[in-house]
């Protein structure tokens, strides 16, 4: 074989190895060492029955994210009022202990779901949203 052919084959082989190595390092591996990531929802939607059960657990805080006008109509006993429509809502969230469990509700479940998402982004791990909100609450 000629010297130029040998150089070409060596360069081709090295390039092929390099390309394969780059491909393998950017492709996630399946198997026991690297299991596929599992998307976990940042919070759970729960019904009133489970909400009531969780209220009795230690280190649990209930948060009502409705407006003061709405809370005048009634509030779940023991709930902390934190109006999500206020500019300082995230500041108030930042004052909470993210190691506790939080049960969050609003009038129908939409704003409390948004509040749970915001809290999850802030590092809170144990979050529960009352499905249907205060409208479905039965004391």
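Quick note: the coordinates plus some simple rules give every number you see, no bench work behind them. On a predicted model such as this, the values are computed, not experimentally measured, just so you know. Every residue, glycine among them, receives a Cβ derived from its backbone with ideal geometry; neighbour counts consider all protein chains shown.
Inter-label distance, residue 97 to residue 45: 3.1 nm, where each label sits 7 Å from its Cα along the C-beta direction.
Each of 64, 47 has some number of other Cβ atoms within 10 Å of its Cβ, and from fewest to most they run 47, 64. For region 66-132, report the translational diffusion coefficient in µm²/s to the nearest whole number, using Stokes-Einstein at 25 °C, 0.890 mPa s, and a Kirkwood Rh over Cα pairs. Using the Kirkwood radius from Cα pairs, D works out to 201 µm²/s. Residue exposure proxy: 80, 65, ordered by other Cβ atoms within 10 angstrom of their Cβ from fewest to most, comes out as 80, 65.
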